[in-house]
1. Filter the stretch 41-66 for residues that are open to solvent by less than 30 Å² (accessible area, probe 1.4 Å), without any contact (Cβ under 8 Å) to a residue 60 or more places away in the chain and assigned to a helix (DSSP H, G or I) and give the result.
2. Pull up the stretch 116-149, narrow it to residues that are of a type in the set (A, V, I, L, M, F, W, C) and more than 21 Å from Arg99 (Cβ to Cβ), then point me to the one that is most open to solvent (accessible area, probe 1.4 Å).
3. Against the condition in contact with a strand residue (DSSP E or B) (Cβ under 8 Å, 6 or more places away or on another chain) and farther than 27 Å from Ala141 by Cα, how does Gly11 come out, does it pass?
4. Only one of these is loosely packed, with under 12 Cβ neighbours inside 10 Å, of a type in the set (A, V, I, L, M, F, W, C) and modelled with pLDDT of 90 or more: Ala203, Ala261, Ala255. Name it.
5. Do we find a residue being within 24 Å of the chain's Cα centre (by Cα) and either closer than 22 Å to Arg114 by Cβ or at pLDDT 85 or above (or both) anywhere in the stretch 178-190?
6. For the stretch 192-205, which residues satisfy the criterion of being in a loop (DSSP other than H, G, I, E, B), of a type outside the set (A, V, I, L, M, F, W, C) and either in contact (Cβ under 8 Å) with a residue 60 or more places away in the chain or within 22 Å of Ala158 (Cα to Cα) (or both)?
7. Looking at Tyr88 and the list (1) surrounded by 13 or more Cβ atoms within 10 Å (Cβ to Cβ); (2) out of contact with any helix residue (DSSP H, G or I) (no Cβ under 9 Å at 6 or more places or on another chain), which single condition is not satisfied?
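The values are calculated or read from the model by the stated rules, or taken from the named source; none is laboratory data. All of these numbers come straight from a predicted model, not from anything done at the bench. Reconstructed Cβ throughout: ideal geometry from the backbone, glycine too, with neighbour counts over all protein chains shown. Quick note on the areas: whole protein, heavy atoms, side chains included, nothing else; ligands and nucleic acids left out. Shrake-Rupley method; radii C 1.70, N 1.55, O 1.52, S 1.80 Å.
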Amino acid sequence: MGIPAVILCGGLGTRLREETEYRPKAMVDVGGQPILWHIMKSYSKGGVNDFVLCLGYKGQMIKDYFLNYRGSVSDFTIHLSHEETIEYHTAPGAIEDWRVTCADTGLEAQTGARTRKALKYIDSDIFCLTYGDGLCDVDIAELIEFHRSHGKVGTLTAVRASGRFGELKLERDGGVLQFDEKPEDGGGYINGGFFIFDTKRFAEYLPEGDDLVLERGPLEGLARDGEMAAYRHEGFWQCMDTYREWKILSDLWNAGNPPWALWR
């Protein structure tokens, strides 16, 4: 097993209820594939092909997606009299070279608890961790190299969040003089996810209990102890908390040059 990426896929996604009433947020479609697939492709571009998916809400849909993945991307011939015989006619490169562990981490567990439960599937000295609802063009290989260089327990990717609402400059009669779809908010960096942690040392910051929130006790503890470094990323980053943010990602994909899709 190489360096794995743990992806938090178990939350309810209540702010995107239009989609998450029927599926986990990680399975919401962007350009014909779940956002989870896009995240995994980004890691794979950086040399990370082992994944531990922390499942919760409607986790069976994620299990079914991977159990049926080969059939979904292939033509196949099935012998109906004995269905165990299936001939897949798979195009070269259609099957990802991924090792995927689907781990049921509980319906009610918080992010820190899900992370702790994933540790039993990790054999490497470090691991990546991110949320199942954000896309970024960060260089994963460079991020791993940065983490190994500083010697601290954890690394987070610090990003500049753009304004959540567009700005309009209007004439007195309501005419639009200028439309700025995504202005910078002028603020500082925020936590963009795409973490890396030393496995054994970080485990000490993850006590038992399903109410453990990653962003509170564990990350605050690392910061307090001087054991968290920030990798400053000035490129693309976009979360998908709302319908509007889903629309941003979908429109970027449909425009033909999505900035996070470095594998294309």
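1. Within the stretch 41-66, Gly59, Ile62 qualify.
2. Residue satisfying both the conditions and the ranking: Phe146.
3. Against the criterion (in contact with a strand residue (DSSP E or B) (Cβ under 8 Å, 6 or more places away or on another chain) and farther than 27 Å from Ala141 by Cα), Gly11 does not qualify.
4. Checking each option against the conditions leaves just Ala255.
5. Yes, the stretch 178-190 contains a residue that is within 24 Å of the chain's Cα centre (by Cα) and either closer than 22 Å to Arg114 by Cβ or at pLDDT 85 or above (or both).
6. Scanning the stretch 192-205 gives Gly192, Gly193, Tyr205.
7. So Tyr88 meets the others, but not (2).
Here is a yes/no grid of residues against (1) of a type in the set (A, V, I, L, M); (2) touching a helix residue (DSSP H, G or I) at 6+ places or on another chain (Cβ under 6 Å); (3) part of a loop (DSSP other than H, G, I, E, B); (4) open to solvent by less than 30 Å² (accessible area, probe 1.4 Å):
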{"position": "Pro207", "(1), (2), (3), (4)": "no, no, yes, no"}
{"position": "Asp210", "(1), (2), (3), (4)": "no, yes, yes, no"}
{"position": "Gly226", "(1), (2), (3), (4)": "no, no, yes, no"}
{"position": "Arg232", "(1), (2), (3), (4)": "no, no, no, no"}
{"position": "Gly235", "(1), (2), (3), (4)": "no, no, yes, no"}
{"position": "Asp251", "(1), (2), (3), (4)": "no, no, no, no"}
